[in-house]
Structures are given as structure tokens and as C-alpha cells.
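J.: Before I ask anything, let me first share the structure, which is written out below as C-alpha cells.
The values are calculated or read from the model by the stated rules, or taken from the named source; none is laboratory data. The shown structure was predicted, so the numbers you read here are calculated from the model rather than taken from an experiment. Every residue, glycine as well, gets a Cβ built from its backbone with ideal geometry; the counts of neighbours run over all protein chains shown. Remember, those area values only see protein heavy atoms, side chains included, never the ligands or the DNA or RNA. Shrake-Rupley method; radii C 1.70, N 1.55, O 1.52, S 1.80 Å.
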Amino acid sequence: AARGKPCWRKLFQKSLPVQVVDLHWGIGNYPFGDHEACEISLQEIQMCKRLSAGPNFIALLGNRYGHRALPRLISEKQFEVYLSKLSQTPEGIKQLRLWFRKDTNAVPPTYVLQPITDVDSWHFTETQLLQLLRSAASEAEAEGEITAEQKRSFYTSVTEQELEQGLWIGDHPPNGLLFLRENPKQKKQKGKEWPKRLAKFMDATANVLLDPESQKLLAELKSQLYATSQKTTNLNCVELSRGIIDPKRKEHAQYLDSLCQQFISQMKARIEAVVSLRTTESLKKILGNVEEDEDKLSLVLEEAKQHTTMTAELCEGLHGREGILGKICLAMWESGQKCHSPLVVHGAAGMGKTALLCKVVQEMQRVLETRVVLVIRFLAAHHPQRPALDQVLHSICLQVSSACGLVPPTPMTAGSPTELQQFFRNILEEASQQGYTLLIVLDALEQLAEQHHSHKLHWIPTNLPPKVHLLVSMDTCSEPFVNMRLKTDSLENFFEVERLSRDEGERIMESHLRASQRTLTAEQKDVALQSFTLTGCPLHLKLILSAVQNWTSFTPVTEQLLGNNTEEVMSQLLHRLEHKHGKELVGGALGYIALARNGLLEAELHDVMSLDDDVISEVYRYTHPPTPSLIRLPPLLLARLKRDLKDHLEERWTNGVAVIAFNHRCLSEVVLGHYLTSERQGRCHKILGEYFLGRWSGKLKPVALPGLSLLLSDRKVPPQPLWFAPGLANIRKLQALPHHLLHAGLWEELRQEVISMSYLCYGTSVCGVSSVIHDLDQCSQYMDCTETGLIRDALVLIKPGLDFLEGMSLFYGELLARLSALSVVFPSLVGRLCRQINDWFLTCAEPVLIPKCSFLQQPGGALQHTLNTPNAGKVPRWLMLAAGAEDGGVTVWNLEDQQLLHDLLGHSGHSVLSSSVSLQCRTKWQQPPPPPPTGSLVERLAVSAEVSCLELAQHKRLLLCGLTSGTVLIYPLSLPQETLCIPPPESLSGVLCLAVSPQEKNLAVAYEDSVCLFEMATRDSFPTVEGPLKRFPLSLLHAPLSCMAMLPNRRLLYGTSCGGVVLNGFGGGVSELQPHGSKVTCVTASNWGSHALVGSQDGVQRLWALNPPSLDHTMEHKGFFFHGVISAAFSESDQFVFTGSEDRTIKVWDVASGKLLFVQYVYSPVVRMVTFRNGFAALTLQGSVIREAFRCPDHVSPDYNPLRIIKGQYRLTSRDKNRDVRRTSVSDLQHFNPAQFKLSLMGPLRAEPSSTCVLL
């Protein structure tokens, strides 16, 4: 009902997708021959009120009441009354009978207004018919034969009907705006001069005189609006005495400015309120809020509700099938109290398997116990997209666990196909033991995506526990049916859906027509049944009913054509639509719906058809566009087509929006064959790709129209940012863009837009990493691009960690740590991606660690894939990998496509491989075995005994090696042929640890019974070691030293295996510091000698000020189950301290405040760290060399939480330096529970001893 140009969308397109439905734009004053425009307009208003999250109705009402059209349908009883009142005017009766024909197929019979044959004379004819009907209606009302409301239908304008529908009628509350215009100096005048000047602002008669009846009705309408819609009404006044709106006139300019400001401000306020709500909800999900599991559950419950609603709708159309329905229900009833097999319903496509399953559900709900849990999944509901098996099982497990009060699957379980399938079996057993009755219905198993060989049905349990019913359907000619037969010994649980008989088809037809308040003549019914009998297919019958319900009793026999099968009926439907709407319009609309990845929003379909020059050329073949500089498809044309397709389209809710899609995949296949040649498919994909790129937003697109030269016009399509607002992602673009760019062959755009930092991160956080990997898989199939495959492989390597790690900084950091070494070799995509990530790190508003080398496993190398399995052991053979477990189970993988083949259950208590170790991840390697991930072997150095410790003097380039024999070997790295030796002490005690002073002048060697101090010097350019200069003994009761650090002034800070911490000055005094509760594993001094960090196995770290010794901070971190601190290093300025822990993380702490700043997961314990420029260099237990820089902005948000990205908890206790008292603060993570992580996750986190020691 909003009358204006569709340019309003640009006011709001940066916040939410906005669809402006203005059916009056772009069609001029030419009526459509079918008289359905008013009905379509009212239906569109209902749709807007139902779907819109914000404003749904806008009305601009001036001084014109609007067109008063003839009603398209008049009931037989009313029409006969009107004819009786016109008995004195036979010419009028003749004219009414000419234009209104009786349709006896309607129940009750109805007179139908006939199509317009002459557009030029229609206005005069319509006026005559209205005068006759108004006269007859007035007389009939006076005599009490009709009501005032029935008479009013001949007087009410289309505008008033739209206002009533938008503001007062319907179940959905209105959320609109109303703008009224008044002319304060309007006067009633007679004559011809005044109305001519105001003809386009006011209602005029055929002889261009003011229409007083319309003005009276308009005044009554405005009075009603003032009385009932005060909150939404905006009144504007302007003088129109000259008959035009002239922006150059001051009062007119003020009027236009006031109207625009009111409109924009009020619309923005209403839209921003919706955006704010959605942004808050989306931010919780994207930033890893603790409510994420609840959000997933709510989505699952919403999905379950949609499938339940579909079940009720499909049950209404099922008639007959009593025989097979009774057999299935009886089989379920008899097997309810014992273990049994799944029930299988099979048949050819279109035979009504889905409707039969729904009827079974309806019948069984009546007889099963009250504690029944109903789980229904229609796997073909989102065709052409096929759901993945893990998504379906995860959804089912979440719904069952919620309904039965059971523990839901963890993220780790959901990420492992084997564990998820086992969890599915276990939860069925648990629900049965709890006394619940489960009814799980899976329709169309052949529509599952072919991942993990889901069609082999290894995931379906063949022996179900009592009270658990599994009912599945599949095509008889499909692979799942063959595999199901192989899994089952007996045929008694298989039920075939056969073709319908003629009598069953007739009963279904009569029921459908009765519900639609329609019927058929005997001849028409015979034509329909003859066509149906040829196939007996319910889908064929459904298409026949869709066609015949529009037949009137006077429809010519030549138009009563029905195909002999489903494909022919669909083809005839397309030909009828082309004849009515135009071939390009029909082919374009259906083609875009068929090619869309997940359906199309109506606004998207309207936009892409406005970008299609073939569609636009057909629409404006005989008329010019209203404004040549603004060319779009008139909305009414698309609305008319959608009305004629209402039986073949469905509305799907996905990600909070309603998309249009075909309600059966057969129609999609017919459309593909009828319209979409390979050339046209490429062109349509290109238009869709450019649309989601936002290429034509705000730009002029050329078009050639008949009778006009080449035009540059604005198509008024919205931009397509990745984010509409902070936290509100453009999910439609993230999902659709890669698909359309790929199939359009727009390789360069695909590389620039999809293989970029923003898309990879946002796509992973919003759509999931599996979705992004799938997109890159598709790219690899069509594009010969090595770099795309490398980035895809990097995401595959990252995927296991993303199940418990969250946050953009960790995602970018891990990508950089895997790809940076490849950026030089592959500069165009990998190099550009690495540069984008580095640029993002430089502008990040939070503390971050920036990788400066590749220290994680690179893609494209030996590691090909990570297979998630709870089992252990691996036996490669041919192209399969068998993973054996200690419990006797065996998991078999296909190494070509990394798909799960078999999950075999073994005998309890018997290991498959006695030497296996329980691991959560199995990896596939190319032969030969991989070299160390980083660095290269320079030289092997021989030693005389087992090495107990190593130390490095960086500036003097000395490698110090302590042996269990008590000898210390010193290797000058600049003189590889030379070796220095410190002989063992007289007691022959072994060397426990070594420490070099900050200036590398002294060396401390800790033996089992003493600690000695040596001097390191250089004489004649040759390194020397003299001493021992000093020595202090260790008593027999003294716990062995575990680690130590040299401080300035020859002081030694060391820790023991019992947790003791001692500061010894080699004869200058001994101070025992606060002990730890477990073994001290790390002692590190700062670069400037002002602080020292002492860490222990229990995750406690104490930061000491050394001048004088005083405890500044006690920092405790606990995440997962392993907490011990292994290594540490201070930054160059001593402002930060970096620590490596047994939990395979690197943490960054602020020295001044003791606060935790950042946590990074590096997949292996860091055993040694040294200061390197503005960060550190480190060595992991696996032999990887890490180099990273740390960047911390000057101002960090007070809401920043470093544990947001890696779940854990830390406690900080600090000394108030002014009052010398302790202050304690605990990280705010109320919902963290370490027990929520399964022990199977802990396998890869346990440190394993390295079997090699190499010099890098």
C-alpha cells in the first residue's frame, strides 16, 4: 500500500535486508486482464505482516480516494438478486451476463468476471457495470435482501481495502506508519477549470469533473484513520491550488523536507530496534558465549517444530493406504517390548512415502504411551542441498537428550563421526532404560550427503532396544535400499508403497476438491482420472489436482490437457505460465530458484531478475519504464507469477529468514531440463554471483530496450557487506557467493572474495569450518589452483582444534603459523592471505601473539588428513587404514577420501594391538616418514654418557651439555672441531641442571651433592672456562635441584623437586622463599635482573621482585587437566613474561599487574623459551621452533577476557606495594567446569617423550 519509488531501501540497506513491496510501481494505469491485482495486493500485505521483523506496512494517503474496481467474484445468490432488480433494463442485464459467467465448479456456484479483451474501452465498460451493480445493490439493501457490507464492495476503493488489511484485519499485529496529506484551502468548486489542474491529485469523473462521492468516502476514511491509528499517523499540510508540487516553492520544499525527515527518522528507529536485538543474539554466538549450546538446542527444537508442522500438513492429504498403514502400526506395536530391527518403507519416487510416514506417526501417537518422544527428520526438505549425516545425528541426539533429560553430545563427540555414531546408539539405549518411548522417523535416506559412506547405513543399529522405534524410508532403486537389504536377514520389516488404484485416486480427488470448495463436471473428472490411472502415482495426482482445481465449468475442452506422467504435467504447467506471463519471466524466476544454493529470499529473486537484461527486455517490450534512469522488474509481475505457482513453491525458514524453494525435487529437475542450458546456467550463476558481490549496488548497468538507445540505469540492488552491523553477519552472502562464483567461472572474483582473510574467518565462525572446507573442496574440483588446495588443507588441519578453541586471533594465528613459510612460494593467494592476517594483527584492539615463522604442521606436506577416532593403533593396508582399540574395536577408513568405512565392535578386554597407546587423533602420512617440521640437521655431536641437561650461551655461541656421569661438555658453535670439558667432581655425581648468568660471564653447574660456579671468558679468541670459583654443598636431606637461574652479582635462584625455592649468593647469604606445593619446573630471570618467575607442576607461578626479594604476584591457571609450567622468557623490556605449559599452551602475563593477557594453543608442550626481539623464540617437545612477536595495545577494553578463546580459569594474588598486603582476583568464568571435557580429548594433550635430539 506504500506508493513510492523503490529507492527507499537505500536508507536502510546497511542494517538489515529490506524488501519494499509496492505493487503499484512500474505498471502505469493499465489494468491486467485477469482482475487479480487487488487480491494479490491484499495477499502481499498479509505476507509482509507475517514475515517482517520490523515495519510491515506504510501508507501515504493524499487527496485521492483511489480506483474503485469491480469485484472479480460474486456469489450466485447475490448476482441473481442484482439481475432481478434490473428487470426494467434488459440491456443492462445483457451486459452483466456478457461480463459475468456462472462457474458451477465453485461450491457454492459463483459468477466470475471475464478477462479484459479491449484495454482502451475497459474504463468506460467498467464504469457502466459499476453503475448497474451499485443501482441494483442499493435497491436490494433497501429491501433487506443484502447487507450493507455486501453493497459496500461496489463502492470501496482498492486503497481503502489495502489500508483495512494493513491496519485492522488479520491475526498479526500491525507495525506500520501512516502519512496523511491535507489541503487546508481546498474548496468545493464547480466547473471544469479547477479539477483539470488537480486531476492527478484528486478523484475525477470521466468528464474530468470532481467526483463528490469519492471525496465523501475519502473524508470518512480519514476520519476513521484519525480515530483508530493516532500513534502511527503523521499529518502533513500543503497548498495545492496551482495543481503541482514544485520543490522551488518555499512551502512545497518545506513540505517535502518534513515528510522525508519524518519517514526516515521513524523508519530508522523501528529498524534499529530490530537490529539491536538481533545483533545482541548474534554476538553471543559469534564470540563464543557460554550460551552457545543453548542456542544450538533452540535451533534444533525449532527444526523439530517445523518438521512436526510439516507432518500435520502432509497427513491431511493422505487417503487410502489402510492396508500398509495397518501392517506398519501392528509391527511397531508388537515389537515395542523387545529388541527389534528398524522398519523400512520403500517405493518409487513420488509414490507417497513421506505422507505415509506422517500418517503412521499420527496413528502411533494415539496408541503409544504418554512418555513418547517424537523425532522426525525429512531429509529431502532442503533439496537440492543434501544434509550431512553428522548434522542429522547431532540434531537427533540433542533433541532426544533434551526431551529425556540426558547428557547431550560434547563438541568433541559431535566433531568425530565414529564417536557421534556410537553416542547415537548409546543414547537410544539410555532412553530405553529410562522408560521413555522413542519414535524416530527418517524420510528419504537416499538424500543424505555421501560423506563417510552414509549410504552404506553402517550407522543404523540393526538391533534396537525395547520402546525405541526407528522408521526409515528410501527409494527402491537407491543404494541405501540395497545396503539395508544386506544388513537385514528377514523381509518382514520391509514395506513397499505401491501405486494407487483408480478408486483410491478418485476418493483423494473428491476430498481435495471438497476442501478447496471446488468440484468438476463429469467430463472433466473423467479426463483427470484417465490421466492418473496411467501411473497411479500420488505425485502425478497431486499435480493433476493443482491444474484441475482452476478449471471452471466453462473452461474450453482445448485447455483441459493433462500429461500422461509427472514430467508431462509439469511441462504443460510451464507452457501455461509462459503463455500468461512470458517465457523469459517464467524461465528466469524458476531458473534462479532451481540454481540457488539454499533457496532465494523473495527480495533476492526480485533483485536478480531486475539485473537480468533478458527479463527486463521482455517486460518493457511494448512500454517504456516509468523512469529510464531507474529500471527494475515491477513487483506485481513477480507477485502474479508467485500466485500461480503457489502449489509448487514452499516457504523454508533458514537462519531466521524465509526463502522460496520448490516443494518437490522433480519440478527442479524439469526446470533444469526445460530452461537451463549450460550456457544459460553460466549466465544465471554470473548474475547471482555479481548480485552477492554487490557489484551493481549504486552503479549504472547498461541495457538495450526496444525503441530506445543503450540505457545506463540504476537497478537499485542493495550492497552486500559481510556484516550488516557489528555481530550481524550477512549469512546469505557467506553461504551463496562461493557456489555461484564457482559455477559462473568467475575465478578471479572467487580468489579475491572467497579466499580471503575475512571470508575464511567469518565463514568459519558463522557457518562452521566444515561449510568453508566444502566450498574450497568445490573450488578444487573446478579450478586448477594449488594454492586453493593448500588453504583448504590448512583448514582441515585446524578443524579439530576449532571444536574447543574460539576467537579470531587464534584462528588467524594458527593459519599464519601453518602458511607463512609457503607465502614466498605461493604469493598470489597464500602470500596475500598471510599479508592480510599480518595487517589485521597490527590493528587488533586486543593483545595478540603474531607468528613469525611456520611452526605448526604445514599443508601440502606429509600430513594429509586428521581422522578423529577414539581407538588406537593403526595397520595400513592397501588404500585403507584400520585403527584398533584396546577394547577390541576396529575402525576402518578409506585413505583416498578420508571417509569412514566400518566401525567394528570387538570382544571386551582384548586389545587389537598390544603396543597401542590411546590417542584421539590418527594421522595419514605420505611415505617416506616426514622430516622434523622445522630446521635441519647440522651435525651430530658424540657424548660419552646420557645427556641430562642442555644450556646455550647465545652471545658467546656456546652449547653446554651436562651428562649423568658428572661431565660438562662445551661445544663452541663457531669452532665445530673443538670441545671443552669440565670434568666430574670427586663424588662422580651426575649433572642435574646448568645456568648461565645474564652477561654470560658465569656458569652454575648443579650436581646431586653440590652447586659449583665457573667463570666463562675468552683468551686469544678462544673460549675458556675456569673454576670452580665458588661452591656450596647440598645435604643428603636436601631435595634434588630441578631447575635454576643465574642472577646478577653471582646470585643463584633455584627450585627443588619438592617445591622448595632458595636464593643463594654463593657465600653471600641464603634466603628461602615461599615454597610451592609441587615440583618446581621453571626458574627464569628477567633480562634486566629485576624480576624472576618461578613455576611448578601444579600450575602455580610466582613473580618475584629481586631487589630486595619480595613476592609481587601469584598467578594460577587451570585449564583442561594439565597445568605445569615448563619454560618461560621475559620480553626485551621485561614488561611481559611468556610461559609454556604442559597443557600445550603459551601464555602471556603482564609483569606489573600480574594479569593474564593472552593464551595460545600450540599442540605441543614448549620445553625451552628465549627472548627474541619483541617476542620470543621457543622449542617444542616435537622439535618445532616457534618465533612469535607480542603486540599489546596501549588501552585494552575492561571487558577483554583472555579465557574467552580457550576455556580455563586463573587466579591472581598480588601484593599491594604501598601497604604490603595481598589482593586476590579470580577470572570470571562462572560456567566453566573442567569435568565437561571428555577424557578422550586428553589423549593428544599428554606429553610424549621425544626419541631424538638434534641440533637445529
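J.: For a quick size check, give me the Cα extents of segment 727-835 along its three principal axes, largest first, whole Å.
T.: 36, 35, 21
J.: Here's another thing I want to ask about it. Give, as ranges by residue number, the residues of segment 58-79 whose backbone N falls under 20 Å from the point 7 Å along Cα→Cβ of Thr104.
T.: Under 20 Å, as judged by backbone N against the label point of Thr104, lie 74-79 of segment 58-79.
J.: Could you give the alpha-carbon Rg of segment 502-564 over 2.2 N^0.38 Å, rounded to two decimals?
T.: For segment 502-564, the normalised Cα radius of gyration comes out at 1.00.
J.: Under a cut-off of 16 Å between alpha-carbon atoms, report the aspartates and glutamates in cross-link reach of Lys216, not counting same-chain residues fewer than 8 places apart.
T.: Result set, ordered by chain and number: Glu160, Glu182, Asp203.
J.: Could I ask something else about it? Show which aspartates and glutamates lie in cross-link reach of Lys686 when reach means a straight Cα distance below 16 angstrom and same-chain residues fewer than eight apart are skipped.
T.: Glu604, Asp607, Asp612, Asp613, Asp614, Glu748, Glu749, Glu753
J.: R0 = 30 Å: FRET efficiency of Ser1010 with Val943, Cβ-based, nearest 0.05?
T.: According to the calculation, E is roughly 0.85.
J.: Mind checking the per residue accessible area of segment 330-435 for me, 1.4 Å probe, whole number of Å²?
T.: Accessible area per residue: 39 Å².
J.: Take every Cα-Cα distance within segment 1038-1123, group them into 10 Å bins from 0 onward, and report for each bin the whole-number percent of pairs it holds.
T.: Taking all Cα pairs of segment 1038-1123, the binned fractions are 19, 53, 25, 3, 0 percent.
J.: Counting only other residues whose beta carbon sits under 12 Å from that of Tyr111, what net charge do I get with K and R as +1, D and E as -1?
T.: +2
J.: Compute the signed sum of charges (Lys and Arg +1, Asp and Glu -1) over the other residues within less than 14 Å, Cβ to Cβ, of Val1196.
T.: Result for the neighbourhood of Val1196: -1.
J.: Starting from the Cα coordinates of segment 73-155, work out the convex hull volume and express it per residue in Å³.
T.: Dividing the Cα hull volume of segment 73-155 by its residues yields 92 Å³.
J.: Hey, which of these cross-link pairs are over 29 Å Cα-Cα: Lys268/Lys699; Lys338/Lys359; Lys222/Lys580; Lys646/Lys699? List each step's numbers first, then the result.
T.: Working: Lys268/Lys699 24 Å; Lys338/Lys359 24 Å; Lys222/Lys580 38 Å; Lys646/Lys699 34 Å.
Where the Cα-Cα span goes over 29 Å, the pairs concerned are Lys222/Lys580; Lys646/Lys699.
J.: Once you list every other residue whose beta carbon is under 14 Å from the beta carbon of Ser571, what net charge do they have if Lys and Arg are +1 and Asp and Glu are -1?
T.: Computed value for this residue: -2.
J.: Please give the contour-minus-distance gain from Thr476 to Ser1078: 0.36 nm per residue of separation, less the Cα-Cα distance, rounded to one decimal in nm. Write down the numbers at each step before the final one.
T.: Numbers: separation 602, 0.36 × 602 = 216.72 nm, distance 6.61 nm.
Gain on extension, Thr476 to Ser1078, equals 210.1 nm.
J.: So for segment 292-496, Kirkwood radius off the Cα pairs, Stokes-Einstein at 25 °C and 0.890 mPa s: how many µm² s⁻¹?
T.: Diffusion coefficient, whole number: 143 µm²/s.
J.: Full-extension gain between His955 and Ala227, please, as 0.36 nm times their residue separation minus the C-alpha to C-alpha distance.
T.: 253.2 nm
J.: Right, next: Two decimals is fine: what's Rg over Rh for segment 974-1081, C-alpha atoms, Kirkwood radius as Rh?
T.: 1.00
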